[in-house]
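First comes the structure, then the notes that go with it.
The values are calculated or read from the model by the stated rules, or taken from the named source; none is laboratory data. Every value quoted in this text rests on a predicted model; they were computed, and no experiment measured them. Positions of Cβ are backbone-derived with ideal geometry, glycine not excepted, and every protein chain shown enters the neighbour counts.
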C-alpha cells in the first residue's frame, strides 16, 4: 500500500513538473499576445471614450461611436468593403477549390509545377504586388494598352470610377487564391484513397467523387478559409492605398474603413475618432465571423 502511494505521489509530481514546463514554453507567446493585441485593444477602446480638441481632452463616453455610425464617410467605406466581400470571397474560394481539386486529380510533375505557380503570388509582398498591377493598369505605360492596340482595340480604363472595383478584385484574387488553394489541397491530401476506390467500383465518375466525397470531407477547411477571406476583405487596406497614388480622384481617404482610420490618425490629427473607427470595424469583423461560424458549425466541426 505504501509503495502504491509513493508511486502515485511521484506521478503527481512528474505531472506537475510537466505542466510547469508546458506553461513555461507558452510564456513568449503570452508576452507577444499581451503586448501586441490585448494592450493595444484596451488602449484603443480607452482612446475612443475621449475627445481631444484645442481645449484639451475630455471624456465623452460613447459619443464617438454615435458619430461613427452616423458618419457618411465611415458608412460609405463600410458598405464598399461589404460589397467587395460579397464579390471577392466567392470568387477566391471558388477558384481555390477548383485548382485544389484539379491538382488532387492530376498528380504528376506538371501538377507540382502548377501548384508552385498558383501559390507564387502569395509569396510576393502585398505592396509590391499592388505596385506591379498599378503599372500594368497604367494607360500610358502599362502593357495592357499595347496589347489592346495591337488588335485595334482600346484598352479598358482600369483606374476610373467604372473600372476600379474590378481592378481591385483582380489584384486581391490573384494574390490570395493560391494561399487558400494550398490549404484546401492539404485537406484533400488527408482523405483516404480507399474512399475513392470504393466509389469508382460502385461506378461513380470523377466529378461525382469530387462533389460527393472530396468537397464534403474538406468542409472544415472551406469554412476556415472563408473566415480568413472574410476577415481580410473587411480589413481591406493595402491594395487601395497603393493604387490611390494613380487614381486619387477615384480612391479617396475614406475608400475603406481602415484607410479612413489611418487618414484620421495621421493626416487630420483625430486619434480618438480614428480609434473609434478601428474598434468599430474590429467589432463588425468579429461579429461577422461569429455569425458565419454559428451558421456553419456543423460543417466546421464545431457543433459540439
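If the condition is being touching a helix residue (DSSP H, G or I) at 6+ places or on another chain (Cβ under 8 Å) and within 18 Å of residue 166 (Cβ to Cβ), then the stretch 245-282 contributes 246, 247, 250, 251, 255, 256. Pick from the stretch 115-134 the residues that are surrounded by fewer than 12 Cβ atoms within 10 Å (Cβ to Cβ) and free of Cβ contacts under 8 Å to residues at least 12 places away in the same chain: which of them is farthest from residue 241 (Cα to Cα)? If we take residues in the stretch 115-134 being surrounded by fewer than 12 Cβ atoms within 10 Å (Cβ to Cβ) and free of Cβ contacts under 8 Å to residues at least 12 places away in the same chain, then 116 is farthest from residue 241 (Cα to Cα). Pick from 174, 211: which is in a helix (DSSP H, G or I), in the same structural domain as residue 96 (by TED's automatic domain parsing) and more than 24 Å from the chain's Cα centre (by Cα)? After ruling out the rest, the residue left standing is 211.
Summed over the stretch 177-197, the residues that are in a helix (DSSP H, G or I) and at pLDDT below 90 give a count of 5. None of 165, 144, 151 is closer than 24 Å to residue 118 by Cα, more than 24 Å from the chain's Cα centre (by Cα) and assigned by TED's automatic domain parsing to the domain that holds residue 222 except 144.
When the residues of the stretch 98-114 are filtered to those that are touching a residue at least 24 places away in the same chain (Cβ under 8 Å) and over 20 Å from residue 170 (Cβ atoms), the one that is nearest to the chain's Cα centre (by Cα) is 100. Restricting the stretch 252-275 to residues that are over 21 Å from the mean Cα position of the chain (by Cα) and in a loop (DSSP other than H, G, I, E, B) leaves a set whose member that is surrounded by the most Cβ atoms within 10 Å (Cβ to Cβ) is 270.
For residue 70, are the conditions met, namely being at pLDDT 90 or above and either more than 24 Å from residue 236 (Cα to Cα) or surrounded by fewer than 16 Cβ atoms within 10 Å (Cβ to Cβ) (or both)? Write out each step before concluding.
Numbers: at pLDDT 90 or above: yes; either more than 24 Å from residue 236 (Cα to Cα) or surrounded by fewer than 16 Cβ atoms within 10 Å (Cβ to Cβ) (or both): yes.
Taking the combined requirement at face value, the residue satisfies it.
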